Amino acid sequence: MDKKVVGYTAGVFDLFHVGHVNHLANAKSMCDHLIVGVSSDKMISEKSKKTAIPYDQRVEVVKSCRYVDSVVAQDDFDRFKMWEKLKFDITFIGDDYFGDKNFKEIEKKLKKSGVKVLYFPYTKNVSSTMIKNFLIEMGAWTKEDNKNNSNDIEIDNNNEEEFRFDKNYEEIY
């Protein structure tokens with residue numbers, strides 16, 4: 001019986017977009033079981049950053065992706081610590097970390113432990129930051145919203161005008 005190849009990748013997965021899908025699809029194509037670490041709100045706030053979508057919702061979005069087999073919390077940037085817990089065979093990383101001096105040490109430890117480290121290119125012209133900036137330009141998001149924790153932003157779900165479509169379903173088809 002052949003050993004199943006376990007893969008691991010991690011990310012914030014805020015404002016889930018086609019770049020995330022591409023990364024997860026590529027990763028899944030190279031392993032039998034893909035584990036995805038979703039960055040916790042605590043870890044993100046330690047880097048003085050914020051997300052638009054809270055952690056529990058980001059987890060649900062990632063879980064719903066057909067390429068993902070398991071989801072875990074990513075509470076630490078150090079993938080070697082994650083490997084110690086999960087014992088994956090291969091890890092997939094965005095190429096923005098290629099050559100990063102902090103990640104080089106982690107990469108050395110992973111490779112010494114027999115873990116393959118693969119870098120995937122970012123999907124061009126899309127990122128959560130680009131989406132946030134577009135929303136700011138369109139007036140649908142403010143720079144103040146971007147500074148607030150996503151849990152502090154209030155959305156009025158009872159405002160029917162905001163959620164009304166221009167055409168009825170029958171008119172479209």
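The values are calculated or read from the model by the stated rules, or taken from the named source; none is laboratory data. Remember, predicted model here, so these are calculated numbers, not experimental data. FYI the Cβ positions are ideal-geometry reconstructions off the backbone, even for glycines, and counts take in every protein chain you see.
Quick notes on this one:
- Pairing residues of region 33-58 that are within 20 Å of Arg79 (Cα to Cα) with residues that are of a type in the set (Lys, Arg) and modelled with pLDDT of 90 or more, at Cβ distances under 7 Å and at least 6 apart in sequence or on separate chains, gives His33/Lys4; Leu34/Lys28; Val38/Arg58.
- Residue ID - nearest to Ser39 (Cα to Cα), chosen from residues in region 56-84 that are charged (D, E, K, R) and out of contact with any strand residue (DSSP E or B) (no Cβ under 8 Å at 6 or more places or on another chain): Asp75
- First in region 88-99 and touching a residue at least 12 places away in the same chain (Cβ under 8 Å) and of a type in the set (Gly, Ala, Ser), second anywhere and assigned to a loop (DSSP other than H, G, I, E, B) and surrounded by fewer than 19 Cβ atoms within 10 Å (Cβ to Cβ), Cβ under 9 Å, 6 or more apart: Gly94/Pro121; Gly94/Tyr122
- Entirely in region 82-151, the helices (runs of 4 or more DSSP H) that have 2 or more residues that are at pLDDT 80 or above and of a type in the set (A, V, I, L, M, F, W, C): 101-112
- Selection of region 20-64 for residues being loosely packed, with under 14 Cβ neighbours inside 10 Å and among the basic types (Lys, Arg) yields Lys42, Lys47, Lys49, Lys63.
- Take the conditions (1) touching a residue at least 40 places away in the same chain (Cβ under 8 Å); (2) touching a helix residue (DSSP H, G or I) at 6+ places or on another chain (Cβ under 8 Å); (3) assigned to a helix (DSSP H, G or I); (4) hydrophobic (A, V, I, L, M, F, W, C); Val21 misses just one of them, which is (2).
- Restricting attention to region 30-81, the residues that are under 25 Å from Lys104 (Cα atoms) and part of a loop (DSSP other than H, G, I, E, B) add up to 10.
- Qualifying residue in region 85-106 (condition: crowded, with 16+ Cβ neighbours inside 10 Å, closer than 16 Å to Val6 by Cβ and among the aromatic types (Phe, Trp, Tyr)): yes
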